[in-house]
Structures are given as C-alpha cells and as structure tokens.
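See structure below.
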Amino acid sequence: MLIRHATLPDGRRDIDVLVQDGHIAAIGQRLAAPEGTPEVDARGQLLAPSFVDAHFHMDSTLSYGLPRVNASGTLLEGIALWGELKPQLTQDALVERALQYCDWAVAKGLLAIRSHVDVCDDRLLAVEALLQVKQQVAPYLDVQLVAFPQDGLLRSPNALANLKRALDKGVEVVGGIPHFERTMADGAESIRILCELAAERGLRVDMHCDESDDPMSRHIETLTFHTQRLGLHGRVTGSHLTSMHSMDNYYVSKLIPLMAEAQVHVVANPLINITLQGRHDTYPRRRGMTRVPELMTAGLNVAFGQDCVMDPWYPLGSADMLEVAQMGLHVAQMTSPAQIAACFDAVTVNAAKVLGIEHHGLKPGADANLVLLQAGSIVEAVRLRANRLVVWRCGKRVAGSAPVVSQLELPGRPAHVDWTLAR
Ligand code: FE2
C-alpha cells in the first residue's frame, strides 16, 4: 500500500508512506511503488502512529454501577467497591466486557494497551480472562498484562503467591501498590521484593506508586533506588506518582535527577488523577497530577494512560487517547505548540517506550500500525479529538469512519479540501 499526500506529526506535508509486508518500507516525497500497489490519498490529513495506552485496567472496565456506584468518588472507596464486586465476577462476563472495550479501542486507533490485572483473588479469574482476551485480540490489538496486587502485596495474604502464579501463566510485567501497604516500611519492602522478582525473571516492572496527595509518600524514591541497584534501567515504570504534585520543591529537585539516572518511565493518568486526587481538600484544591513538564524537561520518558473507563473509580471514558492527551495538557498547563506535541507523544511514541514496543512509530522498519486523523496538525487533532478516518494494523485496514461534516465547518479549515477518501 502507498499512502500519498499525508501530513506527519512533525509537520511535514505532502509525504508518502510505503507499506510492504505489514511494515513501513519508506517515508518521503513522491515515492515510487511497484506496479499494482494500492494507493490511498490522505489528502493532507494527519497520518500518525497508532495510539498506545500505557496504563489501563481491563478487568474492571465497563463494570460501572456493579454492584453500586462510588458515592465518595475516592480511590479508597473505589478499591472497596472493586472488593465487593470481585466475588461476583465470572470469567465470561470479564471476557465480554474486555472484548467490548477492545472494539472501542481499535475504532479509536488504539492498538496497544498495557493493562493491570488484579491477582488478589485466589481463583485468578481475571488473569485467566484477560489472558484469553489477549490471545483473542492479538490479530488487531496488543495487550500487555501487569500482575497487580490490588489489595497490597504484604497486606493481602496470598498476593505474592498469586502474583507468581500469574507470571507463570504468562502475565509479563510485575506490578505493585506500595502506598496501599499498611506502613511506609511495608511499602518499601514490597518494592524490594517485587523488583528482585522482576530482576530474577528478566521482567519489566510497573507499579502504582504514591497514588495519594500525601507529600511524604515517597515510594518513587525507593523504586528508583532498587531500579538502580538491580540494573533495571529502562525497564521500570512509576505509575501515577500523584504525591509528587504535593511534595516539597527542594526534595523534588533531588528526586527527579535520580529518576532520570535510573531511566524510570513515568505514567500520569490525567482523567483519573484530576478526579480522584484532592478529594480531602477544601480550597484551594490540588490537581493531583504528577509534575509532567518538569519530568519531561529532565529527560524522563513520560506517557499518559487512560487508567479507567466506566468502572468503580470513574464513570466516564471512551478509549479515546486524544481525550487523555487533551486533559493532560490542560491539567499540566502545557499549551504551547511544542508542549501539545509532547502530550500527543505521551499517548503514542512515549507510551510505546513504556511497553517496550520497539517496532512502533513512523519510521522505516516499524509495523504499519497507523491512524489517519481528520486534522491538519497535531494541535488540531487534539483540539477536535479528531475523527479516525482509517486505522491500519500492520498495513491492514481494521477500522475507519466517514468524515465528520461538522468539523468541516469549523473556522481554520481549508475550504477547498475534498474529504472523500479512497478506500
Ligand atoms: Fe491504575
């Protein structure tokens, strides 16, 4: 396939992308292709690498209201509510909801998701369900699973044994939740145990870390320390890190360089952080999201995740990573064109780095996992949460939609563009 006349995220216009055997073979102007190569005219629209969600919970998605809604809106009530729902879960229901979400994801050009899966259920029902879903959707969506001890590695009696069983079954990443352990010391100990387990097994680590407004919750320091000590550079992710929002500035000025040295990845979850954090505040009320621009400036790889869609923690969401990028840039006040582009990267290439997917992006040799957006630039894509005109998985069209007419009427759009796409 030859995609002609595309605009790229870096702003280059009238660019052709040649796809062969599911991979990007060449990118350039007026490319030649072997005779008979099917062509798609992008008509100046934005061709981007597919979206990647670096942080999600596919076992709880679409369970909103079961068995009741979260009255306080807090993280802790959400965890309690999930605990109420767990005994009622069935594998069939878990699979059905996850597959429904995967359909939404592909329609939005989201082709890779890292999902945490709760292992604090001796039946490992959610693990079995998501392993089945992972296999089932593999032709069109990459799902990477994290063994997540939701009720605390040390606080929940069988969590460590269950977590190891989940890894034995094929879950790829070691998770954790140090701030939910009974004490700071237990939290630190859980990080040591989990990082050593990951080092032994050659796995990646992604912990829910310091997901609170407590400025003294400093598990990210411990996670960074063990990353350094065990040589896990580039394989460890700190998810949420919301306490960094409230930490003392002097302490953060020491912490961020240590995180950069250990090459820790950071995942902020803007939709969830802005709604769950600050719930104990009156006014002024904290935003709760970690220090995204400062972390990016220090050279850390920062991605945004969706985290929750219609579950005990969050009633909204739609698998739209442009919504996530838009919320992220608002909360972080990243409104310059370069910063908006950085937020777009946070839901595409940066997120792929978190998952360790090397064959992602607009570059020769990468998988042709692409999305054609009804927008003329990254800024416009984020502004409009642009329509997904075509989604390709390894060069094969897996989703698409007709141009949205109302967008044509918005000011700033060139009137001469013919939006009809070759299919
Ligand atoms: Fe999460």
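Quick check: the angle from helix 249-261's long axis to the longest principal axis of the chain, C-alpha only, nearest 10 degrees?
70 degrees
I need the peptides 240-253, 164-177 ranked by packing, meaning the mean over residues of other C-beta atoms within 10 angstrom, with the highest value on top. Spell out each step's value before the answer.
Details: 240-253: 19.6, 164-177: 21.1.
Taking the mean over residues of other Cβ atoms within 10 Å, the ranking is 164-177, 240-253.
How large is the charge dipole for the range 304-368, taken about the Cα centre, if only the Cβ atoms of Lys, Arg (+1) and Asp, Glu (-1) carry charge, to the nearest 20 debye? Numbers along the way, then the final one.
Values: 2 positive and 7 negative charges, 42 e Å.
Magnitude of the dipole: close to 200 debye.
What is the packing order of peptides 272-280, 227-235, taking the mean over residues of other C-beta atoms within 10 Å and listing the highest first?
In decreasing order of mean packing, 272-280, 227-235 become 272-280, 227-235.
If one takes the longest principal axis of the Cα atoms in the chain, at what angle in degrees, from 0 to 90 and to the nearest 10, does the Cα axis of helix 159-169 lie?
It works out to around 40 degrees.
Once amide H atoms are placed 1.01 Å from N in the peptide plane, what residues at a sequence separation of 5 or more from residue 204, or on another chain, have their amide H within under 5 Å of its amide H?
Sorted by chain and number, the residues that satisfy this are 174.
Residue 110's amide H: which non-local residues (gap 5+, or another chain) put their own amide H closer than 5 Å, with H modeled 1.01 Å from N in plane and none for Pro or chain starts?
Distant-sequence amide H within range of residue 110: 51.
Quick one: putting +1 on the C-beta of Lys and Arg, -1 on the C-beta of Asp and Glu, what dipole do you get for the chain around its Cα centre, in Debye to the nearest 20?
Result for the chain is approximately 560 debye, rounded to the nearest 20.
Full extension from residue 258 to residue 185: what is 0.36 nm times the residue separation minus their Cα-Cα distance, to one decimal in nm? Don't jump to the answer; show the numbers that get you there.
Details: separation 73, 0.36 × 73 = 26.28 nm, distance 2.06 nm.
That pair, residue 258 and residue 185, stretches by 24.2 nm at full extension.
Give the cross-link partners of residue 363 among the lysines, using a straight C-alpha distance below 17 Å as the criterion and excluding same-chain residues fewer than 8 apart.
353
Tell me the angle of helix 91-107 to the major Cα principal axis of the chain, expressed in degrees between 0 and 90 and rounded to the nearest ten.
The helix 91-107 is inclined about 40 degrees to the chain.
In the range 51-355, with Lys and Arg counted as +1 and Asp and Glu as -1 at Cβ, which of these residues, 255, 175, 76, has the Cα nearest the positive end of the dipole, that is, farthest along it?
255
What residues have an amide H closer than 5 Å to that of residue 301, excluding those fewer than 5 places away on the same chain, when H is modeled at 1.01 Å from N in the peptide plane?
266
Counting DSSP beta bridges in the range 51-355, what percent are antiparallel, to the nearest 5?
In the range 51-355, DSSP labels about 5 percent of beta bridges as antiparallel.
Among the lysines, which have Cα under 25 Å from the Cα of residue 86 when same-chain residues fewer than 8 positions away are ignored?
Straight-line reach from residue 86, under 25 Å: 134, 164, 169.
Computed from the coordinates by the stated procedures, all read-outs in this text should not be read as laboratory data. This is a predicted model, so every value here is computed, not measured. Quick reminder, even Gly has a Cβ in these numbers, built from the backbone with ideal geometry, and neighbours come from all protein chains shown.
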